[in-house]
Amino acid sequence: MRIVVDSKNSLVRETFEQLGRIETLPTEAITREALRNADAVIVRSETRVDARLLEKTSVKFVGTATIGVDHLDTVYLAERGIAFANAPGSNAESVAEYVAAALLVLARGRKAGLAGTSIGIVGVGNVGSRVARVAEGMGMRVLLNDPPLRRLTGDERFLPLDALTDADIVTLHVPLTHSGDEATYHFFDEERIASLKRGCVLLNTARGAVVETEALKRALRGGHLAAAVLDVWEKEPAIDVELLGLSRIATPHIAGYSLDGKLNAARMIFEALSAHTGAGAVWRQPASLPPPASPSIDLRGIAADGPAWLDDVVRRCYDIRRDSEALQRLILVPHIERADRFRELRADYPVRREFGATTVLLSPGRSAHAAALASLGFAVREA
């Protein structure tokens with residue numbers, strides 16, 4: 001079996017070779033001609049998979065190493081009998097860590113801790129539920145909105161969206177949908193953004209088009225929103241540089257780009273392809289992984305008091321400011337080169353391990369510190 005794989009999908013060759021002959025190609029090289037004699041293709045969100053890509057090819061399986069499927073024409077795939085699989089939840093921990101890092105930067109910038117700050121989480125699936133855990137662990141007051149989950153469970157914790165409008169921070173974790181009663185395309189438009197309290201901070205790590213760009217710019221220019229944290233953008237990779245300049249933290253769609261998240265996605269697609277072919281192959285975790293930026297952090301004998309101590313720990317593992325500064329430099333790049341530079345920032349993204357790969361050493365009796373660290377996923381050891 002010939003399997004074409006986007007070269008951004010990490011560490012696939014040594015495991016996927018059990019299933020067939022692997023050919024890795026850069027995103028832009030995944031074309032109809034390249035897939036003419038392929039049996040399967042594994043893509044990322046930059047590749048639109050539809051009739052234009054797959055007509056007159058032999059592809060019978062499409063895997064996307066992403067949580068979303070808005071770049072797949074699922075109706076066409078079903079009509080043609082082409083199996084497809086995505087990787088829901090694979091990078092949820094990575095995105096939750098990104099949100100935590102952003103919140104800690106924001107808190108430090110205004111010299112205040114996060115305890116008692118209210119955060120509205122719109123969409124409480126794999127990602128949103130982890131963000132809720134992280135926010136609660138940092139002492140925040142968490143408000144949840146997820147109408148489908150409310151209908152399914154009857155759980156009164158899931159509030160109407162109007163109940164989130166007084167939140168200090170609102171973070172979005174919904175799929176991009178264009179139809180139905182709960183379509184999310186431009187879900188946060190002029191009216192919705194205006195309904196948020198003045199001084200609110202808006203985070204979007206979902207899809208760029210969930211928020212209307214022009215409305216967001218007006219809200220930031222006029223001071224209705226205090227800040228925006230954006231990892232996703234309308235019309236990627238040709239993003240709006242005015243909005244880039246207005247954003248407090250701006251990154252090139254990398255919130256879910258931890259190595260651990262990419263491996264989770266690869267495993268899920270491997271298992272789906274193995275089941276599709278009936279191969280019965282077993283996923284083999286790579287024998288060795290790159291170490292985290294800080295394998296161990298020793299807080300014994302350190303006071304670690306005040307609102308900044310947790311931000312100090314997080315920055316040693318993942319400094320979100322560096323990702324933001326790299327994208328902000330896009331403003332200085334000639335217009336014609338910006339889309340390519342955005343792609344490069346994603347393609348060349350450095351290895352980032354999740355917090356669970358780092359052990360934090362604490363002196364006995366520091367239960368509050370241990371609980372906060374554990375909520376972010378750190379391994380904690382008293383010694």
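Each reported figure results from applying straightforward, stated rules to the coordinates on display, with no laboratory input. As the structure is a computational prediction, the values presented were derived from the model and not from experiment. So basically every Cβ, Gly included, is an ideal-geometry build from the backbone, and we count neighbours across all protein chains shown.
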Per DSSP H run of n ≥ 4, the term is -39500 (n - 2.57); total these for the chain, divide by its residue number, and report the mean residue ellipticity at 222 nm rounded to 500 deg cm²/dmol. -10000 deg cm²/dmol
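For the chain, would you read off the P(r) tail past 34 Å as a percentage of all alpha carbon pairs?
Roughly 31 percent, rounded to a whole number.
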Collect residues whose amide H, placed 1.01 Å from N in the peptide plane, falls under 5 Å from the amide H of TRP233; neighbours closer than 5 in sequence don't count. GLY208
So what's the projected area for the range 296-382, the Cα convex hull averaged over all directions, in nm²? 6.8
Positive-pole candidate from ALA238, ALA250, PRO307, dipole of the chain, charges at beta carbon: PRO307
According to a simple spin-label model (label point 7 Å from Cα along Cα-to-Cβ), what is the distance in nm between ARG80 and ALA371? 5.4
Only Lys, Arg (+1) and Asp, Glu (-1) charged, at Cβ; the chain dipole about Cα centre in debye: 660
Student exercise, the range 158-276 dipole from Lys, Arg, Asp, Glu Cβ charges, in Debye to nearest 20: 360
Using the count of nearby Cβ atoms within 10 Å as a rough guide to exposure, how do THR66, THR153, THR205, THR27 rank from fewest to most? THR153, THR27, THR66, THR205
Starting from the Cα-Cα distance between VAL333 and GLU33, subtract it from 0.36 nm times their residue separation and give me the gain in nm to one decimal. 104.7 nm
Binning every alpha carbon pair distance of the range 45-114 at 10 Å from zero, what are the percents per bin? 18, 34, 18, 16, 10, 4
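Highest mean first, how do 103-110, 37-44 rank when packing is the count of other Cβ atoms within 10 Å averaged over residues?
Per-residue Cβ counts within 10 Å, averaged per peptide and sorted highest first, yield 37-44, 103-110.
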Simple label model, 7 Å out from Cα along Cβ direction - ARG52 to ARG381, nm: 5.3
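Using a Förster radius of 51 Å, what is the FRET efficiency between THR165 and GLU325 based on their Cβ-Cβ separation? Nearest 0.05, please.
Given R0 = 51 Å and the Cβ-Cβ separation, E is 0.95.
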Would you calculate the separation in nanometres between label points at SER7 and SER179, each defined as 7 Å from the Cα along the Cα-to-beta-carbon direction? 3.8
